[in-house]
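A.B. asks: First the structure, then my questions, so here it is.
The values are calculated or read from the model by the stated rules, or taken from the named source; none is laboratory data. Just so it is clear, the structure is predicted and the values come from calculations on it, not from any experiment. Cβ atoms come from the backbone with ideal geometry, glycine included; neighbour counts cover every protein chain shown. To get the accessible areas, we keep the full protein, side chains included, count just its heavy atoms, and leave off ligands, DNA and RNA. Shrake-Rupley method; radii C 1.70, N 1.55, O 1.52, S 1.80 Å.
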Amino acid sequence: MQIRGKGFAKSERPRVTIGDVGAPVIIGSDSYVIARVPEGASDGELVIASGSAASESWACDIGVLIADSLHPVASPAVDSFGNIFTTFSGSRGQKVPVAVYRLDLNYNLKPFINDMMNATGVALDAHGMLYISSRYDGMVYQVTPSGNMSVFVEGMGVATGICFDEEQNLYVGDRSGTIFKISPNRQIFVFATIEPSIAAYHLAFGPEQYLYVTGPTTSSFDCVYRVSHAGEVEVFYRGLGRPQGIAFDEDGRLYVAASISGRKGVVRIGQDRHAELFLSGPGVVGLAFTPSRSMIVATTNALYRVDTGIKGRPLF
């Protein structure tokens with residue numbers, strides 16, 4: 001953890017505790033401290049002390065590792081019961097033993113889909129069916145709760161982010177510059193065109209059923225797009241570094257896996273377009289809310305649970 005302030009080392013090297021556990025200090029100065037989060041810490045009051053003096057306590061919530069040895073490239077999907085679906089995407093063209101995993105309510109990690117190349121985006125429809133995009137073959141696959149997989153639609157280019165609207169239309173981001181809209185009877189429309197991404201598009205529906213899109217480019221000052229019902233594209237917010245997975249809470253606030261002002265983690269943006277770093281952490285690629293008001297945070301190789309107490313926006 002990076003801690004900034006003043007008066008940290010007036011008499012001796014600062015000491016940091018989280019709850020009753022000491023956090024080893026890696027760098028300590030009068031105005032800047034880096035402390036390693038101790039194993040097993042999840043939350044508590046953070047205090048910096050030096051000699052007989054101590055700071056006021058600061059409520060500190062820490063993400064808990066729930067699954068590792070993964071390779072997500074986008075946000076996980078969480079069903080209405082709290083089961084979590086995430087991927088081992090692999091490098092382009094890489095055949096992996098398990099493409100999609102399922103975590104149950106006890107965070108037991110089990111293989112869900114095996115025979116698939118480069119599983120990329122995941123989304124659930126109103127009936128609990130899982131949809132998975134593949135950036136390898138441009139297809140979107142439909143999977144039943146029992147794990148039976150079939151092709152739902154093909155020809156989606158470099159298919160990455162996917163999501164549903166309230167009318168059960170599926171939206172697919174082709175990172176070369178197109179957002180496709182697929183009706184429930186599988187008719188395909190070009191919904192919008194935006195700037196190509198070097199990695200992926202990430203999609204989510206927000207207030208008033210506007211579609212929000214991120215797609216990192218070579219710029220360090222990327223934006224979040226907002227797309228109207230008619231497919232008109234506008235910049236909702238500009239100023240993020242490598243924005244990726246996105247999700248909304250019930251109050252219409254947008255959460256983006258990105259960096260802001262050089263600080264990495266999850267950025268929260270209100271409808272007034274004010275942005276702030278909500279959660280700190282490196283390598284965050286996606287996030288999703290659970291029915292228990294936790295946030296599931298995906299990094300490049302693991303999933304974490306953060307007990308935020310925030311309810312996600314209902315998808316349907």
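A.B. asks: Quick one: Kirkwood hydrodynamic radius for segment 191-279, alpha-carbon pairs, angstrom, one decimal?
C.D. replies: Over segment 191-279, the inverse of the mean reciprocal pair distance is 12.8 Å.
A.B. asks: How much accessible surface area, in Å² rounded to 10, belongs to the heavy atoms of Asp68 with a 1.4 Å probe?
C.D. replies: 80 Å²
A.B. asks: Another question, if that's okay. Per residue of segment 67-76, in order, report the coupling 6.51 cos²θ - 1.76 cosθ + 1.60 (Karplus, θ = phi - 60°) as ³J(HN,Hα) in whole Hz, putting x for Gly and Pro.
C.D. replies: These are the phi-based 3J(HN,Hα) values: 6, 9, 6, 10, 8, x, 10, 7, 5, x Hz.
A.B. asks: Run the dipole for segment 144-293 about the Cα centre, Lys and Arg Cβ at +1, Asp and Glu Cβ at -1, nothing else charged, and hand back the magnitude in debye, nearest 20.
C.D. replies: Dipole magnitude for segment 144-293 comes out near 500 debye.
A.B. asks: For Lys95, go through the aspartates and glutamates and keep the ones whose alpha-carbon is under 14 Å away, minus same-chain ones fewer than eight residues off.
C.D. replies: Asp115, Asp137
A.B. asks: Answer with one residue from Asn114, Ser220, Gly155: the one whose Cα lies farthest towards the positive end of the charge dipole of the chain, charges on Cβ with Lys, Arg +1 and Asp, Glu -1.
C.D. replies: Ser220
A.B. asks: What dipole magnitude, in Debye to the nearest 20, does segment 66-162 give about its Cα centre under +1 on Lys/Arg Cβ and -1 on Asp/Glu Cβ? Could the numbers behind the result be given before it?
C.D. replies: Numbers: 5 positive and 7 negative charges, 41 e Å.
For segment 66-162, the charge dipole is close to 200 debye.
A.B. asks: Would you mind finding the longest exposed-site-free stretch of the chain, with exposed GluC sites (Glu not before Pro) meaning DSSP loop and at most 13 other Cβ atoms within 10 Å?
C.D. replies: 57-153
A.B. asks: Ok, one more. Which residues' amide hydrogens lie under 5 Å from the amide hydrogen of Gly121, considering only partners 5 or more residues apart or on another chain, with H built in the peptide plane?
C.D. replies: Hits under the 5 Å cutoff: Ser133.
A.B. asks: Let me ask another. Explain nothing, just compute: Karplus ³J(HN,Hα) = 6.51 cos²θ - 1.76 cosθ + 1.60, θ = phi - 60°, for every residue of segment 177-192 in order, whole Hz, x for Gly and Pro.
C.D. replies: Those phi angles translate into x, 10, 10, 8, 10, 10, 6, x, 8, 6, 6, 10, 10, 7, 8, 7 Hz.
A.B. asks: Provide the per-residue ³J(HN,Hα) series for segment 249-261, in order, calculated from phi with Karplus coefficients 6.51, -1.76, 1.60 and θ = phi - 60°, each as a whole number of Hz, with x at glycine and proline positions.
C.D. replies: 3J(HN,Hα) across segment 249-261, in whole Hz: 9, 5, 8, x, 7, 9, 10, 10, 6, 5, 10, 9, 6.
A.B. asks: Please report, in debye to the nearest 20, how large the charge dipole of the chain is about its Cα centre when each Lys and Arg carries +1 at its beta carbon and each Asp and Glu carries -1 there.
C.D. replies: Around 760 debye, computed over the chain.
A.B. asks: May I pose another question? Scan around Gly177 for amide H atoms under 5 Å from its own, H built in the peptide plane at 1.01 Å from N, and keep only partners 5 or more places away or cross-chain.
C.D. replies: Ser197
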